[in-house]
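These notes concern the structure reproduced below.
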Amino acid sequence: MKSVRIRNKDYTLQVSKIFCMGRNYLEHAREMRAEVPDAPVVFMKPSAALLTDGEDIVRPPISKLMHFESELVVAIGKTGSRVSPIKAREYILGYGIGLDMTLRDVQDEAKRKGLPWTTAKGFDTSAPISEIIPVDQIINKQELDFECRVNSVPRQRGSVKNMIFSPEYIISFLSFIFTLEEGDLIFTGTPEGVGEVNEGDIVEAELLGYTKITHKVKVA
Ligand code: MG
């Protein structure tokens, strides 16, 4: 089982489930030529896919096309189910920045055939994540902005303000289907600007004002 660091706390968080949201920004849904969803699109990654700052992202041999997707990540701090959106904030331990690395060619084929996305989204190293910033160290929860750069060139800019479904709504939605547990992570979806990375590229994702991850890309 993998764990993530929590800033300024003397314990780490054992990661349980990793939920990911698809199509949570209008412009990204458009660039993927996907319908804008009327409910959150949910998939999962295994916790073994987690990667901490500085470790290499490795594209496995089943793919020739890997994309970066930078995403705000919410860490869950306590167990709960059937949580109302009003109460949802009580379940947020903190926020981090993550990358939902995606084998786009494998995903496109899965979409065409109506098959699951597990291999395209859940492979080893597909979930780089920063340390978690506890909510008491976040100055304004409406101002969580992030940026992704590849080889120092800005490629994506996202904000919690532009999400179709807010973190609180997502937590509530998920909690009526899955029991949320301390250590669950939610990747909240990516804004427009996703793109390919290849051998030797450096991907940086930054939760602006808080924390940053840097990863080199390898091709297996
Ligand atoms: Mg994503």
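Suppose the filter is touching a residue at least 40 places away in the same chain (Cβ under 8 Å), under 19 Å from GLU131 (Cβ atoms), in contact with a Gly (Cβ under 8 Å, 6 or more places away or on another chain) and surrounded by 14 or more Cβ atoms within 10 Å (Cβ to Cβ); does LYS2 pass it?
Against the criterion (touching a residue at least 40 places away in the same chain (Cβ under 8 Å), under 19 Å from GLU131 (Cβ atoms), in contact with a Gly (Cβ under 8 Å, 6 or more places away or on another chain) and surrounded by 14 or more Cβ atoms within 10 Å (Cβ to Cβ)), LYS2 does not qualify.
Determine whether segment 43-51 contains at least one residue that is closer than 30 Å to ASP10 by Cα, out of contact with any Phe, Trp or Tyr (no Cβ under 6 Å at 6 or more places or on another chain) and among the polar types (S, T, N, Q).
Yes, the conditions are met somewhere in segment 43-51.
Which condition from (1) assigned to a loop (DSSP other than H, G, I, E, B); (2) of a type outside the set (Asp, Glu); (3) surrounded by fewer than 14 Cβ atoms within 10 Å (Cβ to Cβ) is the one that LYS161 breaks?
It fails just one condition, (1).
Determine the pairs where a residue that is touching a residue at least 12 places away in the same chain (Cβ under 8 Å) and open to solvent by 10 Å² or more (accessible area, probe 1.4 Å), located within segment 7-26, has a partner that is away from the ligand (no atom under 16 Å from the Cβ) and assigned to a loop (DSSP other than H, G, I, E, B) with Cβ atoms under 6 Å apart, the partner being 6 or more residues away or on another chain.
Hits for this filter: ARG7/GLU131; GLN14/MET1; GLN14/GLY183; SER16/GLU181; SER16/GLY183; SER16/ASP184; LYS17/ASP184.
Go through segment 33-55 and give me each residue that's open to solvent by less than 50 Å² (accessible area, probe 1.4 Å), at pLDDT below 95 and out of contact with any Lys or Arg (no Cβ under 6 Å at 6 or more places or on another chain).
Within segment 33-55, ALA39, PRO40 meet the criteria.
One line per residue, one yes/no per condition, for (1) surrounded by 17 or more Cβ atoms within 10 Å (Cβ to Cβ); (2) farther than 20 Å from GLU27 by Cβ:
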| site | (1), (2) |
| --- | --- |
| LEU99 | yes, no |
| ARG104 | yes, no |
| GLY122 | yes, yes |
| LEU144 | yes, no |
| VAL153 | no, no |
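Spot the failing condition for THR118; the list is (1) surrounded by fewer than 20 Cβ atoms within 10 Å (Cβ to Cβ); (2) in contact with a strand residue (DSSP E or B) (Cβ under 6 Å, 6 or more places away or on another chain); (3) under 14 Å from ILE18 (Cβ atoms), and only one is missed.
For THR118, the failing item is (2).
Any residue in segment 103-118 that is out of contact with any Gly (no Cβ under 8 Å at 6 or more places or on another chain) and under 30 Å from ARG7 (Cβ atoms)?
So far as segment 103-118 goes, no, none of its residues is out of contact with any Gly (no Cβ under 8 Å at 6 or more places or on another chain) and under 30 Å from ARG7 (Cβ atoms).
If the requirement is being of a type in the set (Val, Ile, Thr), over 12 Å from GLU71 (Cα atoms), more than 16 Å from the chain's Cα centre (by Cα) and within 16 Å of the ligand (Cβ to nearest atom), which of these qualifies: VAL203, VAL197?
VAL197
Please work out if ILE171 is more than 16 Å from the ligand (Cβ to nearest atom), buried (at least 23 other Cβ atoms within 10 Å of the Cβ) and at pLDDT 95 or above.
Against the criterion (more than 16 Å from the ligand (Cβ to nearest atom), buried (at least 23 other Cβ atoms within 10 Å of the Cβ) and at pLDDT 95 or above), ILE171 qualifies.
Only residues that are open to solvent by less than 20 Å² (accessible area, probe 1.4 Å), more than 16 Å from the ligand (Cβ to nearest atom) and outside any helix (DSSP H, G or I): list them for segment 174-194, please.
LEU180, GLY183, ASP184
Sort out which residues of segment 56-84 are hydroxyl-bearing (Ser, Thr, Tyr), within 12 Å of the ligand (Cβ to nearest atom) and surrounded by fewer than 20 Cβ atoms within 10 Å (Cβ to Cβ), and write them in order of number.
Of everything in segment 56-84, nothing turns out to be hydroxyl-bearing (Ser, Thr, Tyr), within 12 Å of the ligand (Cβ to nearest atom) and surrounded by fewer than 20 Cβ atoms within 10 Å (Cβ to Cβ).
The values are calculated or read from the model by the stated rules, or taken from the named source; none is laboratory data. Since the structure is predicted, the reported quantities are computational estimates derived from the model, not experimental observations. Glycine gets a Cβ as well: all are built from the backbone with ideal geometry, and neighbour counts include every protein chain shown. Heavy atoms of the whole protein, side chains included, go into the accessibility calculation; ligands, DNA and RNA do not. Shrake-Rupley method; radii C 1.70, N 1.55, O 1.52, S 1.80 Å.
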